[in-house]
Amino acid sequence: TQLLEQSPQFLSIQEGENLTVYCNSSSVFSSLQWYRQEPGEGPVLLVTVVTGGEVKKLKRLTFQFGDARKDSSLHITAAQPGDTGLYLCAGAREYGNKLVFGAGTILRVKS
Amino acid sequence: SAVISQKPSRDICQRGTSLTIQCQVDSQVTMMFWYRQQPGQSLTLIATANQGSEATYESGFVIDKFPISRPNLTFSTLTVSNMSPEDSSIYLCSTRGGGGQQYFGPGTRLTVT
């Protein structure tokens, strides 16, 4: 059973379009992290959200943590080819616990 | 954030042999983790490498197949023993920072023929 349901699994869009990736669970997480991974490299941490309802922005990327801390979303505005990669969400049930990873979203942005 | 390096970056090995992957962190860390990842897919935790004690393995992974060493707070090794083609994967080392954030090495791409 996947504790973190991530969707969509694959997304292919044109440069300039907007997109949203979702991460949902029936469990409460103390924190949730988003990673981006390019081929041949390890995942790179983008953001950590810890407070219910929290919104964080990183240039064209907006991350939101649900009020109940069971879900999160990543929204990319005006996607660029450089955004192409594998996006992973990962949650920790309690501080210090091991991370639970979503299945990942492969994003391809075509120019 | 911690800077993590891994060696080798990739290898092609024959079935039945073993490969040891090294992970070096640029600062002392309490928790180090080893993950496996199929290309384009999510990460599966193999074990937590504990300094001064035996590693803690996840369900489906055993010490005889994936022995782990953690001689100090900056270094760990993962050995993939008696390899089969099913072991072909990317193996990632990871550490956890003080704020709970987790950082990853560049990975070791293993192909078993």
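If you go through the range B:32-61 and keep only what is over 30 Å from A:Gln9 (Cα atoms) and of a type outside the set (Gly, Ala, Ser), you end up with B:Asn50, B:Gln51, B:Glu54, B:Thr56.
Candidates are the residues of the range A:11-21 that are assigned to a loop (DSSP other than H, G, I, E, B) and open to solvent by 50 Å² or more (accessible area, probe 1.4 Å); the one that is nearest to A:Phe101 (Cα to Cα) is A:Asn18. Selection of the range B:59-107 for residues being in contact with a Leu (Cβ under 8 Å, 6 or more places away or on another chain) and among the hydroxyl-bearing types (Ser, Thr, Tyr) yields B:Thr79, B:Ser88, B:Ser89, B:Tyr91, B:Tyr103.
Restricting attention to the range B:76-111, the residues that are surrounded by fewer than 17 Cβ atoms within 10 Å (Cβ to Cβ), in a strand (DSSP E or B) and out of contact with any helix residue (DSSP H, G or I) (no Cβ under 9 Å at 6 or more places or on another chain) total 1. Test B:Arg96 against the criterion of being within 14 Å of chain A (Cβ to nearest Cβ) and under 17 Å from A:Gly91 (Cα atoms), and give yes or no. So B:Arg96 fits the description; yes. Residues in the range A:22-72 that are among the polar types (S, T, N, Q), buried (at least 20 other Cβ atoms within 10 Å of the Cβ) and in a loop (DSSP other than H, G, I, E, B): A:Ser25 alone. Can you find, within the range B:42-71, the residue that is least open to solvent (accessible area, probe 1.4 Å) among those that are away from chain A (no Cβ under 14 Å) and either farther than 19 Å from B:Ser88 by Cα or in contact with a Pro (Cβ under 8 Å, 6 or more places away or on another chain) (or both)? Once the filter is applied, the top-ranked residue is B:Arg70. Being within 14 Å of chain A (Cβ to nearest Cβ), part of a strand (DSSP E or B) and buried (at least 19 other Cβ atoms within 10 Å of the Cβ) is a property that holds for B:Gln6. From the list B:Thr108, B:Thr113, B:Thr20, B:Thr30, the one residue that fits, being in contact with a Ser or Thr (Cβ under 8 Å, 6 or more places away or on another chain) and over 21 Å from A:Arg36 (Cβ atoms), is B:Thr20. Scanning the range B:9-35 for residues that are open to solvent by 20 Å² or more (accessible area, probe 1.4 Å) and assigned to a loop (DSSP other than H, G, I, E, B) yields B:Ser9, B:Gln14, B:Arg15, B:Gly16, B:Thr17, B:Ser18, B:Asp26, B:Ser27, B:Gln28, B:Thr30. Could you list all residues from the range A:73-105 that are hydrophobic (A, V, I, L, M, F, W, C) and either open to solvent by less than 10 Å² (accessible area, probe 1.4 Å) or within 22 Å of B:Ser1 (Cβ to Cβ) (or both)? Selection gives A:Leu74, A:Ile76, A:Ala79, A:Leu86, A:Leu88, A:Cys89, A:Ala90, A:Ala92, A:Leu99, A:Val100, A:Phe101.
Here the condition is being away from chain B (no Cβ under 13 Å), polar (S, T, N, Q) and closer than 13 Å to A:Tyr87 by Cα; of A:Ser73, A:Ser25, it holds for A:Ser73 alone. Does B:Pro39 satisfy being at the interface with another protein chain (Cβ under 8 Å from one of its Cβ atoms), surrounded by fewer than 19 Cβ atoms within 10 Å (Cβ to Cβ) and more than 14 Å from B:Ala2 (Cβ to Cβ)? Yes.
The values are calculated or read from the model by the stated rules, or taken from the named source; none is laboratory data. Source: prediction; values computed, not measured. Positions of Cβ are backbone-derived with ideal geometry, glycine not excepted, and every protein chain shown enters the neighbour counts. Please note that ligands, DNA and RNA were not included when accessible areas were found on the heavy atoms of the full protein model with its side chains. Shrake-Rupley method; radii C 1.70, N 1.55, O 1.52, S 1.80 Å.
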